[in-house]
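As structure tokens, the structure follows; a few thoughts come after it.
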Amino acid sequence: MWYAERTKMRYNAVDRIFYDAIKIHERLDIMERYPEIHPRLIGFDIDCVVADTMEAFLRLALADYGIKILPEDITSFQVEECLPVDPAVINTIFARLLAAPIENGLQPMPHAVSVLTELSWHAPLTFITARPMQEPINRWLQHVLPDSVYRNSRLVAMGNHDGKARYVKKLGLQYFVDDRVTTCTELACAGYFPIVFEQPWNRGRHCFASIDSWPGILKSIRVAEHVS
């Protein structure tokens, strides 16, 4: 998810950067050895992975504020740092999408529902989001997913961008799909296997395994070939 972060991770030592890089490469080597992932071991971020939050943000900016923004203009996860737009406008749009995703027309990413449906045949779906309010995004999942898929799912709303590794461990996951490179670094350093969902703000800024579409999940790691 790439809405404005309230807190930033602080890197204050060169050796921490080198440590992160080493851990990333270790995880990549293991990822290459295990290209097939059982559905019960993989979890998903929601915004800009399951939900097309960028489309909703761009649409609301144009419709309600007359501000035209292109996807490639979003070059930073912290949107206010890369757009010549009043931060109050950015925060207002994201607040609407957080509190009322259905009412503001938030749509799933292309093919997300069909792939998630297929995965749910083999294991419960797991979603971990930085969103602070669980009820609105829970209603959204219930709205966009088939009932049988929604009922076979788990949702955690953390209220914080940092700390997903704790929930990945608690829920018994090994792999996690996210669009935020800092989160993926955190997961790799904790011994898990991050997969970056490519977006303009993370493209070319990491060396993790990555996908650029929901069909890519099935094509690249063939999770649906496994049964529980």
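The values are calculated or read from the model by the stated rules, or taken from the named source; none is laboratory data. Predicted model only: the values in this text are computed from it and were never measured. All Cβ positions, even for glycine, are placed from backbone atoms using ideal geometry, and neighbour counts span all protein chains on display.
Contact annotation: residue pairs with Cβ atoms under 8 Å, 6 or more positions apart or on different chains, pairing a residue in the range 35-63 that is crowded, with 24+ Cβ neighbours inside 10 Å with a partner that is of a type outside the set (A, V, I, L, M, F, W, C) and in a helix (DSSP H, G or I), are Asp47/Thr53.
So for the range 76-83 (the condition being among the hydroxyl-bearing types (Ser, Thr, Tyr) and not assigned by TED's automatic domain parsing to the domain that holds Val181), does at least one residue qualify? Yes, the conditions are met somewhere in the range 76-83. Criterion first (in contact with a Pro (Cβ under 7 Å, 6 or more places away or on another chain), surrounded by 14 or more Cβ atoms within 10 Å (Cβ to Cβ) and among the small types (Gly, Ala, Ser)) does Ala100 satisfy it? When the stated conditions are applied, Ala100 passes them.
If only residues of the range 206-216 that are touching a strand residue (DSSP E or B) at 6+ places or on another chain (Cβ under 8 Å) and assigned to a loop (DSSP other than H, G, I, E, B) are counted, the one that is surrounded by the most Cβ atoms within 10 Å (Cβ to Cβ) is Phe208. Within the range 128-139, one or more residues are over 22 Å from Pro200 (Cα atoms), surrounded by fewer than 19 Cβ atoms within 10 Å (Cβ to Cβ) and of a type in the set (S, T, N, Q). Exactly one residue out of Ala157, Ala112, Ala165, Ala130 is touching a His at 6+ places or on another chain (Cβ under 6 Å) and among the aliphatic types (A, V, I, L, M): that is Ala130. Of all residues in the range 125-144, those that are over 18 Å from Asp179 (Cβ atoms) have Cβ atoms under 8 Å from Cβ atoms of residues that are in a helix (DSSP H, G or I) and among the small types (Gly, Ala, Ser), 6 or more apart or on another chain, in Met133/Ala99; Pro136/Ala99. Checked across the range 85-99, the condition of being among the polar types (S, T, N, Q) and closer than 19 Å to Phe127 by Cβ holds for no residue.
Rundown of residues vs (1) without any contact (Cβ under 8 Å) to a residue 60 or more places away in the chain; (2) polar (S, T, N, Q); (3) crowded, with 17+ Cβ neighbours inside 10 Å; (4) assigned to a strand (DSSP E or B), yes/no style:
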| residue | (1), (2), (3), (4) |
| --- | --- |
| Val149 | yes, no, yes, no |
| Arg154 | yes, no, no, yes |
| Asp162 | no, no, no, no |
| Arg166 | yes, no, no, no |
| Gly172 | no, no, no, no |
| Ala188 | no, no, yes, no |
| Pro194 | no, no, yes, yes |
| Gly204 | yes, no, no, no |
| Leu218 | no, no, yes, no |
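Checked against (1) at pLDDT 95 or above; (2) more than 21 Å from Ala165 (Cα to Cα), Ser76 passes all but condition (1).
Yes or no, residue by residue, for (1) of a type in the set (Lys, Arg); (2) in contact with an Asp or Glu (Cβ under 8 Å, 6 or more places away or on another chain); (3) part of a loop (DSSP other than H, G, I, E, B):
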{"position": "Ala95", "(1), (2), (3)": "no, no, no"}
{"position": "Pro110", "(1), (2), (3)": "no, yes, yes"}
{"position": "Ser114", "(1), (2), (3)": "no, no, no"}
{"position": "Ala123", "(1), (2), (3)": "no, no, yes"}
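Restricting to the range 48-68, and then to whatever is part of a loop (DSSP other than H, G, I, E, B) and more than 21 Å from the chain's Cα centre (by Cα), can you tell me which residue is farthest from Thr129 (Cα to Cα)? Once the filter is applied, the top-ranked residue is Gly66.
Here is a check on your reading of the model: is Val89 in contact with a helix residue (DSSP H, G or I) (Cβ under 6 Å, 6 or more places away or on another chain) and in the same structural domain as Trp214 (by TED's automatic domain parsing)? No, not satisfied.
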